[in-house]
Amino acid sequence: MKKKWFVLAVTLIFMLSLSSTVFAAPKTSHNDKIANKDSMETQQTEEIEEEIEEEIAEEDFLLSAPAIAARILEYNDVKPRYGTGKEGGNFIADVAAHMGPKTLFSEVDNKEDLEAYWDAVLLFLNEHLMIPKTLVMPDYSPVCEAPVLINGGFEAPVVAGGWSTYPTGTLNMGWTVEWMDTYAEAATLELQRSSAVGLEPFEGSQYAELDSYHSTKIYQDINTCPERKYSLSFAYYPRTADSEIEVWWNGAKLGTFDDSNAEWTTQPYSDLSATTTSTRLEFREIGTSDGLGMFLDDVTIGFDEAS
Ligand SMILES: [Ca+2]
Ligand SMILES: [Ca+2]
Ligand SMILES: [Ca+2]
């Protein structure tokens, strides 16, 4: 009887071990696959994050402590200026005095660690006794990709003769082109070289004319961050007394430029705000639509670090 129980027990243990081998083995293997997949995904995510951090570190490395302080204060709705007379001061100026006006804060060991850098500025501000409330870190990323404008110098595509015209979507052209009025044919942007009308480009070897066969408008949607300020510059040259352009940024007209200066003239702008992650920069020829218009060259855009 005892032997029978013993045999039964051994058989049961054997079957259990068999079942765990047969049924548990694939389960373990599946878990291993998931674990491997997770580990691969984690590794990939880490690699991507590292790449982004490297790019960010290069782009925004020189953002000064006072500039960061200004953004933190603005986000927390705290005015930089405090007190009056001899009792008064300015939180941003205080940060500049303690952390350096231009260079990165000397007390942060790893200056490429932007989060640590922003944390240090926030900490300094919060330890400043005059700050009326505890400041929090802005919920936007403390870093922002530099704005990218494609072909601001109108060097692409390379014009074979003196001049040629190109529709939206032309390789490397960057700009979207539309007529100011309605015409059946597709709108084109005219690019010229010096041999076209004997005018040296302001920059490089080519420039644009904002009246190819009809008055044109050109635009690009630029990557922006709502918390940042931008600078813009361009050079214009009126081909005729009738040449006149408008410049638009983020849906608002920045200015109108005509033939007042019969030469290449540069127009700088600073302190331009963005309200979303994409901001439209647009140039419009508003002179008579007659094939002759404003020449445009060397459009550049960047962060306005002074604002
Ligand atoms: Ca050019
Ligand atoms: Ca033309
Ligand atoms: Ca014209």
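What follows is calculated from the coordinates using simple rules that are stated; it is not laboratory data. As the structure is a prediction and not an experimental result, all values here were calculated from the model. Glycine also receives a Cβ, built like all others from the backbone with ideal geometry; neighbour counts cover every protein chain displayed.
Is the stretch 144-195 best put as rounded, prolate or oblate by its Cα gyration tensor, with a ≥ b ≥ c the root eigenvalues, rounded for a/c under 1.5, and otherwise prolate when a/b is larger than b/c, oblate when not? Judged from the Cα gyration tensor, the stretch 144-195 comes out oblate (a/c at least 1.5, b/c at or above a/b).
Highest mean first, the peptides 252-263, 162-173 sorted by other C-beta atoms within 10 Å per residue fall in the order 162-173, 252-263.
D for the stretch 170-262, whole µm²/s, Stokes-Einstein with Kirkwood Rh over alpha-carbon pairs at 37 °C and 0.692 mPa s: what number?
Values: Rh = 15.1 Å.
The Stokes-Einstein estimate is 217 µm²/s.
When each of the peptides 218-228, 292-302 is scored by the mean number of other C-beta atoms lying within 10 Å of its residues, the order from highest to lowest reads 292-302, 218-228.
Just to confirm a number: summing +1 for Lys and Arg and -1 for Asp and Glu over residues other than G152 whose beta-carbon lies under 11 angstrom from that of G152, what do you get? Could you put the intermediate results ahead of the total?
On the way: positive: none; negative: E155, E203, D297, D298.
Around G152, the surrounding residues sum to -4.
Ranked by the mean number of other Cβ atoms within 10 Å of their residues, highest first, the peptides 283-291, 175-183, 66-74, 84-92 come out as 66-74, 283-291, 175-183, 84-92.
Electrostatic tally near W248: other residues with Cβ closer than 13 Å to its Cβ, Lys and Arg +1, Asp and Glu -1, net -1. Close amide H pairs (under 5 Å, H built 1.01 Å from N) link S212 with E190, residues at least 5 positions away or on another chain. Over the stretch 139-238, Cα pairs under 8 Å with separation of 6+ residues give a relative contact order of 30 percent.
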